[in-house]
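What follows is a short report on a single structure.
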Amino acid sequence: MEYKLLGNTGIRVSPLCMGTMTFGNGADEKTSAALFNRCREAGINFFDCANVYAKGRSEEILGKLITPCRDEIVLTTKFYGGMGADPNARGASRFHIRQALENSLRRLGTDRVDVYFVHHFPSNVSLEVMLRTLDELVRSGKALHIGASNFAAWQAAKALGISALHNWHRVDVIQPMYNLVKRQAEVEILPMAESENLGVITYSPLGGGLLTGKYSREGEGDGRITANPMYTARYSYEENFRIATAYTQFAKERGLSPVSLAVAWAGAHPAVTAPIIGARSLEQLEPSLAALEIDMTPELYADVSALSPRPPLATDREDERS
C-alpha cells in the first residue's frame, strides 16, 4: 500500500480511512473487531471516530481494539454534539472542549488523539475561544493536530487566519462531505485545502448508499435514505436518483463494483488524502477495500465525473474555467 502525507503534518496515512460510526451501532463488539482486523490486514492505519457515535460506545470499542497497536494507528475523534442532558455537555466552549477530550481519552484508553476535530462550525462561541483552547490542548500533547469537520471554505480560511495572527496551532485537517452526487466541495473547499496544504478526509463516498445501486429511481430501497430523515433530506432528489442509476449502470457495464468505483473516484481528487469508508459487516466492507485495486486512469476518472453535473466556479464565470 502506498501511504500518503496528511497535509503538512508529516504523518503518513493509508489512502482509505476507516470510519467507526457503526461500532456499537449496527456492528456489535465482535463484528467491530472483525472489521478492524480486516482493515489492519489490508494495511489501513487511519481510523476516524467521534464522541457522539453510539454515545461514546464507538470510542470504547475502538479503544480496546487499538490497544495492542496504538503507536501504529492514526486516530481521530470529534467533539461538539450533545453527550447528555446537561446543557453544557455540547458545543465548542472551553468548558465543554476540555471535558470532551478527557472523556474521549478515557473511552479510547489512550494518552492522546492524533487529530481532534470540531464536528461543526461553532454557532455560539467565538472562533478565537475555540481555537485558543485547541491550541492549548495541542501544546499539552493531548491532541497532536486540529481538525475541522463540516466547515465551509470561508469558515476554515477564517480559522486559519485567526490561528496565524496569534501564532496558535492551526487546523491541519478538514473533513467535508464529498461524493458523485454531492460535489460542492470542488468549488472552494478542496481548492482551499490544496492551497493551504491541508489534509482532507472526505465522508459519505457512497452518498448514504445511493451509489451502491440498491435504491430505485423512485427512491425505493431499504437503507438510510428511506429510514433516516437526515439522509432522506440530504439525498432524496430526483436528479440524485437519476445520476445514481446512470452511475451504477456505468460501473456494471465495466465489470466494476459501484461501491469500489465510488470510493476510488472520491479518493482520486488531487486534494483528497483519504475517503472515509464504513461498514456494518465484513460483506459490506470488502467492496470499499477493493477500491484500492481500481486503476483510476484519467480517462476513467473523467468518464465517471461526467455522469453528474460539475458544480460552477465560485465566481460563476464559466468563461474563466481552464
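The values are calculated or read from the model by the stated rules, or taken from the named source; none is laboratory data. As the structure is a computational prediction, the values presented were derived from the model and not from experiment. Using ideal geometry, Cβ is built from the backbone for each residue, glycine included, and neighbour counts are taken over all protein chains shown.
Considering only residues that are part of a loop (DSSP other than H, G, I, E, B) and within 15 Å of the chain's Cα centre (by Cα), look in the stretch 16-43 and name the one that is surrounded by the most Cβ atoms within 10 Å (Cβ to Cβ).
T20
Please state which of the following conditions G81 fails to meet, knowing it meets all the rest: (1) surrounded by 15 or more Cβ atoms within 10 Å (Cβ to Cβ); (2) of a type outside the set (S, T, Y); (3) part of a helix (DSSP H, G or I).
(3)
From the list V171, V118, which residue is in contact with a Lys or Arg (Cβ under 9 Å, 6 or more places away or on another chain), modelled with pLDDT of 95 or more and crowded, with 23+ Cβ neighbours inside 10 Å? Break it down stepwise before answering.
Working: V171 fails: in contact with a Lys or Arg (Cβ under 9 Å, 6 or more places away or on another chain).
So the residue among V171, V118 that is in contact with a Lys or Arg (Cβ under 9 Å, 6 or more places away or on another chain), modelled with pLDDT of 95 or more and crowded, with 23+ Cβ neighbours inside 10 Å is V118.
Would you confirm, using the coordinates I've provided, whether M1 is in contact with a Gly (Cβ under 6 Å, 6 or more places away or on another chain) and closer than 22 Å to T273 by Cα?
yes
Can you name every one of the helices (runs of 4 or more DSSP H) wholly within the stretch 233-322 that holds 1 or more residues which are at pLDDT below 95 and surrounded by fewer than 16 Cβ atoms within 10 Å (Cβ to Cβ)?
Working: elements: 238-253, 258-268, 282-289, 298-305.
In the stretch 233-322, the matching helices (runs of 4 or more DSSP H) lie at 238-253.
Residues that are out of contact with any Lys or Arg (no Cβ under 7 Å at 6 or more places or on another chain), buried (at least 21 other Cβ atoms within 10 Å of the Cβ) and assigned to a strand (DSSP E or B): does the stretch 90-104 have at least one?
No - not one qualifying residue is present in the stretch 90-104.
Report, by residue number, each residue of the stretch 155-168 that is hydrophobic (A, V, I, L, M, F, W, C), part of a helix (DSSP H, G or I) and either touching a strand residue (DSSP E or B) at 6+ places or on another chain (Cβ under 7 Å) or under 25 Å from C49 (Cα atoms) (or both).
Taking the stretch 155-168 first, the residues hydrophobic (A, V, I, L, M, F, W, C) are 156-157, 159-160, 162, 164-165, 168.
Retained after the next criterion (residues that are part of a helix (DSSP H, G or I)): 156-157, 159-160, 162, 164-165.
Correct list: A156, A157, A159, L160.
For the stretch 105-146, give me each residue that is assigned to a loop (DSSP other than H, G, I, E, B), over 22 Å from the mean Cα position of the chain (by Cα) and closer than 19 Å to S58 by Cα.
G109, D111
Does at least one position in the stretch 47-60 carry a residue that is within 27 Å of G7 (Cα to Cα), among the acidic types (D, E) and crowded, with 23+ Cβ neighbours inside 10 Å?
For the stretch 47-60, residues within 27 Å of G7 (Cα to Cα), among the acidic types (D, E) and crowded, with 23+ Cβ neighbours inside 10 Å: present.
Return yes or no: is G26 under 23 Å from E286 (Cα atoms) and among the small types (G, A, S)?
yes
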